[in-house]
Each structure stands twice: as structure tokens, then as C-alpha cells.
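Undergrad: Just passing along the structure, written as C-alpha cells.
The values are calculated or read from the model by the stated rules, or taken from the named source; none is laboratory data. Small disclaimer: the values here were computed from a predicted structure and weren't measured. Ideal geometry is used to build each Cβ from the backbone, glycine not excepted, and the neighbour counts take in all protein chains shown.
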Amino acid sequence: MKIAIDCRYLGKSGIGRVCEGILDHLDFGENEYVLIGSAQKLEKYKGVRIVPDESEPYSVKGLFTYDKRLNRSCDALIVPNFLVPFGVKIPVFSVMHDLIFLDLPKITTRGFADRTIKKLLLKRGMTRSRRIACVSEFTLSRCKHFYPKLSRKCYVNHIGLSSDVLNYDASVCTKGNDIIFVGNVKEHKGLRTLVKAYRLLPQGKFRLKIIGEREGFLTGMREEELTGEGITFTGRLSDEALLREIASAAFLVQPSLYEGFGLPPLEALYLGTQPIVSEIPVFREVYGELPAVFFSDAEDLAAKLMAEYPPFDVREEIRSKYSYAAFDERLFAQIGQSLSFRR
């Protein structure tokens, strides 16, 4: 098979790391690949054809830059989210991370017009996709709730850890007294709860580091509320610096109100750092059998941060259950079955 992959998301948090995970585990002996995106970011992938495209995939322009010549030369297109470019005529295989625009519209969209456009693009993406990989059972359940007919195309395909996490030597890091948050700085990430809990702790016992994008504040908080005594807002870090922060932290806290999967706690577990996560369904699904600690509110989180926990090593368990090699295997099995059926 000759498969095109939309790689314009590389370098972005979240979907960008998923895209990287897919690329790092491709079987170049099994299929031929065409990678769409920045030639500079894709230069490490040897033996593939690169179709340069520097457009922003989330922009209006980015929806219309698809090279239609790929319709004649490729068998299928992989899109790592629901934004299927216009002009695609070959079968599309997409990845569904969450349906947060539908579940929490008031805090994830900027008014009626923005909400309507996102809903139309989401439904169009599901309609145009031959098969849809849902990153969790929770996301699959939301697809069934909102789009019962289209959800027949969906299947569960858990994401995993990227190669840089799997290969990182955490033993060189010394544990400190940092509590860290990693993710987009948006309201559904629950930062208000984390900051409230931090201010309940004894002064000076911990430092709080918030690691995320400075742009696009949608937290419901002012930026100055995310700073103060003992609180550092780092902005986005390089991959190397981020892994060092995770491996050196005392705790990683993920206080999200909503997630489709929630990857940072899994990275923390693999690197030997204790994650403390909010009591939401997808975290119970992903982390219920792993040594994550769950909290209910700010007071409970503060108490959990003051407790002591035994050391753990769940690297083998994580590799066996959450692997991009397995993700790719399931993805390409779906593509192969679908294209064989088509022929």
C-alpha cells in the first residue's frame, strides 16, 4: 500500500506527539509512505517521499492546501485528528482524541459561530473517514452518544509513549520538591483546582511549575493568578527539558475536568514520578490499574500531596499495554482490511 500521512501537526503538543509516535513506528518494509508537512521537521524520516506543506492545519487555509495529485498516487490518507482536508478523494483513516467541543462547548469554543464551525468539521471528518481510531473507550462512548450511526466506523486504539520517553534515562535525574503540571493552559485542564490546592500546602514545602503554552489563555483565570510565591509558569519547554522536569519532580498533577486520554501521567509513571489525577472516567479507564493516585477536590488534592507513596516500576506493564508499535499495528490492520474489502 502507498499511504499518505498528514504530518503538519509535528511540533505541537498533544496531537503533534501522537503524530510523532505514529511516524516513529512505521514499518517501511511493509508499505510506501508519503509524508505531508514541514520538510525540516520530517528530514529524519529517510526513504520516504515528502510533500512540503507549511500551512497551519487548524487554519482555514490549512484545510485547502491538500495536494490533489496524491489522490492518483496514494491508496489512503491518515489524518491524526478529525480535520480532513478538502479535496481528498482517497479513503481517509482518522484519529479521534475527544469530543470536548460537544461535551463542554461553553469553555472550549468562542461563541456560536466558532461552535457551529467546529461541529460541522467534526461531523464532516467522521463522515469522510473510512475508519476512526478512538484513543480511549471513553472517546468511543462519546462518539456513540453524539453520532450513533457514524460511530460504527469507530474502534478503540490506545495511544502510547513516544520514543524519546521510552529511551530517556531517568536515573540521571535527582528528585526535587517540585509539583508539575504539563498541558495546554485551558479551563478544562483544572488549573484553578491545582493552584487552590497548592495554596493549602505548608509554605515552602513544594514549588509548583506550570508547563504549557503562554498563548491563548482560556483558563478562566488571569495570568497573574498562575504566578506568585512558589509558582513558576515556564511556558512551553523543549522535549528534553520537559522529560527532565517530569523525571525530577516529586509529583505530576493532572487536575483535568475532561480528557480524551491524558498522556502526561503515563509519561510520569514511566519515568518514576508519582502522578495524582482527577476523578474522571477516562483516567479511571487508563490509570485504574496503575499506581496513579486519584483526588476529588482541592482539599483532597492537598492531602494527597502531603502523603508518602511507595516506589514503583511499571515500565514493562506500560510498554505492553500502551505502545505506538501496537497502535500502528492496529491502525494498519484496519487500513488493510478496509482497502481489501474495497477492492
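Undergrad: Which residues, taken from the range 202-241, are at negative phi, loosely packed, with under 14 Cβ neighbours inside 10 Å, at pLDDT 80 or above and not aliphatic (A, V, I, L, M)?
TA: 202, 203, 205, 229, 238, 240
Undergrad: So, in the range 23-52, how many residues would count as being over 23 Å from residue 333 (Cβ atoms) and in contact (Cβ under 8 Å) with a residue 12 or more places away in the chain?
TA: Total satisfying the criteria: 9.
Undergrad: Additional query: Let me spell it out: the conditions are (1) within 20 Å of the chain's Cα centre (by Cα); (2) farther than 28 Å from residue 239 by Cβ, and residue 2 meets all of them except one. Which number is the exception?
TA: (1)
Undergrad: I would also like to ask the following. Considering only residues that are farther than 25 Å from residue 202 by Cα and either surrounded by fewer than 19 Cβ atoms within 10 Å (Cβ to Cβ) or at pLDDT 95 or above (or both), which ones fall in the range 304-322?
TA: 312, 313, 314, 315, 316, 317, 318, 319, 320, 321
Undergrad: Name every residue in the range 127-147 that is of a type in the set (D, E, K, R) and either over 10 Å from residue 260 (Cα atoms) or surrounded by fewer than 18 Cβ atoms within 10 Å (Cβ to Cβ) (or both), in order of residue number.
TA: Matches in the range 127-147: 128, 130, 131, 137, 144.
Undergrad: Identify all residues within the range 168-204 that are within 22 Å of residue 271 (Cα to Cα) and hydroxyl-bearing (Ser, Thr, Tyr); write none if there are none.
TA: Across the range 168-204, the qualifying residues are 168, 171, 174.
Undergrad: Let me ask something else. Considering the range 241-263 alone, what residues qualify as being in a helix (DSSP H, G or I), touching a helix residue (DSSP H, G or I) at 6+ places or on another chain (Cβ under 7 Å) and not β-branched (Val, Ile, Thr)?
TA: Result: 243, 247.
Undergrad: Right, another one. Among the residues of the range 97-106 satisfying the criterion of being in contact with a Lys or Arg (Cβ under 8 Å, 6 or more places away or on another chain) and aliphatic (A, V, I, L, M), which is farthest from residue 151 (Cα to Cα)?
TA: 102
Undergrad: Picking from 63, 77, which residue would you name as being within 24 Å of the chain's Cα centre (by Cα) and farther than 17 Å from residue 117 by Cβ?
TA: 77
Undergrad: Here is a further query. Can you pull out every residue in the range 286-303 that is buried (at least 18 other Cβ atoms within 10 Å of the Cβ) and of a type outside the set (A, V, I, L, M, F, W, C)?
TA: 287
Undergrad: What pairs come up if the first residue lies in the range 139-159 and is free of Cβ contacts under 8 Å to residues at least 60 places away in the same chain, the second is crowded, with 20+ Cβ neighbours inside 10 Å and small (Gly, Ala, Ser), and their beta carbons are under 7 Å apart, counting only those six or more places apart or on different chains?
TA: From residues that are free of Cβ contacts under 8 Å to residues at least 60 places away in the same chain, the pairs are 153/129; 156/136.
Undergrad: Which residues, counting only those in the range 85-111, are assigned to a loop (DSSP other than H, G, I, E, B), over 22 Å from residue 329 (Cα atoms) and touching a residue at least 40 places away in the same chain (Cβ under 8 Å)?
TA: Matches in the range 85-111: 85, 88, 99, 104.
Undergrad: What residue, among those in the range 43-61 that are among the charged types (D, E, K, R) and not in a strand (DSSP E or B), is nearest to residue 73 (Cα to Cα)?
TA: Step by step, filter the range 43-61, then rank; the result is 53.
Undergrad: Of all residues in the range 1-22 being outside any loop (DSSP other than H, G, I, E, B), touching a residue at least 40 places away in the same chain (Cβ under 8 Å) and among the small types (Gly, Ala, Ser), which is surrounded by the most Cβ atoms within 10 Å (Cβ to Cβ)?
TA: The qualifying residue surrounded by the most Cβ atoms within 10 Å (Cβ to Cβ) is 4.
Undergrad: Checking residue 276 against (1) over 20 Å from residue 186 (Cβ atoms); (2) modelled with pLDDT of 95 or more, which single condition isn't satisfied?
TA: Among (1) over 20 Å from residue 186 (Cβ atoms); (2) modelled with pLDDT of 95 or more, residue 276 violates only (1).
Undergrad: Considering only residues of the range 160-181 that are among the hydrophobic types (A, V, I, L, M, F, W, C), within 18 Å of the chain's Cα centre (by Cα) and modelled with pLDDT under 95, which is nearest to residue 249 (Cα to Cα)?
TA: Out of the qualifying residues, it is 165.
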